[in-house]
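Some notes on the structure that comes next.
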Amino acid sequence: MNARLISLPIFLALAAGAPTAASACVGDCSGGNVVTVDEILTASSIALGERALAACPAADGGSDGRVTVDDILRAIENALIGCPNEPGIVSLVNRHSGKCLEIAGASDLPGANVEQGTCRSAPHQQWTFAAAGDDHFIVNEGSGLCLEVAGGSTRDLANIRQNVCDDVPHQRWQIVRRFNLYLISSKASARCLDVAGSSVADGGNVIQFECRGTNNQLWILPEEALRLAR
């Protein structure tokens, strides 16, 4: 991660949660760091006892010699959002559109807009969570800059952008679990990350809006990312 513009409090938070070893991409039978539909079917057949574990050792996410429902769910998650190159680096996929939170134009400049785009596991679509008490900073892997509400606004429709990381309320986010999905709420405004107009298009803008739990406010996020950030 590019840490050149991260303030000391956030750097310490990231360092405290930094993992020391990479974890396997559960379900990646071929070793290509991608999980395909065929590989999920292979994992399912192992779980049902129709094939031996040797057909896909990577399906055994618990390293206990078997493939469980949890392992298959992790494989499906990896197929949807991609396998992170390092533990704790993840994509954020919108439940409604199936597209990833990204920095527009892959910019590394402060003030660059945040939008959604087709998931490609590119650095500008990858994020690290750094815990700060009950809150999190969300840092873009490509730029090293932090997700924030523009101008510290507390109003609906305020834009979301990236900026130099600093310990300010409008760069702090609260992660609220809804079943296996998440709302991401600004500490400053108590409003949620929202794809404007429920867009399903590439370039759909990301704003904050009153938290309603609608699909355009729900995000697929590996729980591992939050666990590693603590």
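Out of all the residues in the range 40-51, which are out of contact with any helix residue (DSSP H, G or I) (no Cβ under 7 Å at 6 or more places or on another chain) and either open to solvent by less than 70 Å² (accessible area, probe 1.4 Å) or in a helix (DSSP H, G or I) (or both)?
To start, the set of residues in the range 40-51 that are out of contact with any helix residue (DSSP H, G or I) (no Cβ under 7 Å at 6 or more places or on another chain) comprises 41, 45, 48-50.
Residues satisfying the conditions are 41, 45, 49.
The residues of the range 129-146 that are within 12 Å of the chain's Cα centre (by Cα) and either part of a loop (DSSP other than H, G, I, E, B) or over 17 Å from residue 174 (Cβ atoms) (or both), listed by number, are 140, 141.
Considering the range 177-219, and only residues there that are β-branched (Val, Ile, Thr) and over 15 Å from residue 153 (Cα atoms), the residue that is most open to solvent (accessible area, probe 1.4 Å) turns out to be 200.
Rundown of residues vs (1) closer than 20 Å to residue 201 by Cα; (2) open to solvent by less than 40 Å² (accessible area, probe 1.4 Å), yes/no style:
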site: 79; (1), (2): no, no
site: 114; (1), (2): yes, yes
site: 130; (1), (2): no, yes
site: 134; (1), (2): no, no
site: 144; (1), (2): no, yes
site: 149; (1), (2): no, yes
site: 161; (1), (2): yes, no
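Within the range 179-196, residues that are within 16 Å of residue 92 (Cα to Cα) and aromatic (Phe, Trp, Tyr) have Cβ atoms under 6 Å from residues that are open to solvent by 10 Å² or more (accessible area, probe 1.4 Å) and assigned to a strand (DSSP E or B) in these pairs: 182/175, counting only partners at least 6 apart in sequence or on another chain.
The values are calculated or read from the model by the stated rules, or taken from the named source; none is laboratory data. Computed from a prediction, not measured in an experiment: that's the story for all the values here. Counting neighbours? That spans all protein chains shown, and the Cβs are built from the backbone with ideal geometry, glycine included. To get the accessible areas, we keep the full protein, side chains included, count just its heavy atoms, and leave off ligands, DNA and RNA. Shrake-Rupley method; radii C 1.70, N 1.55, O 1.52, S 1.80 Å.
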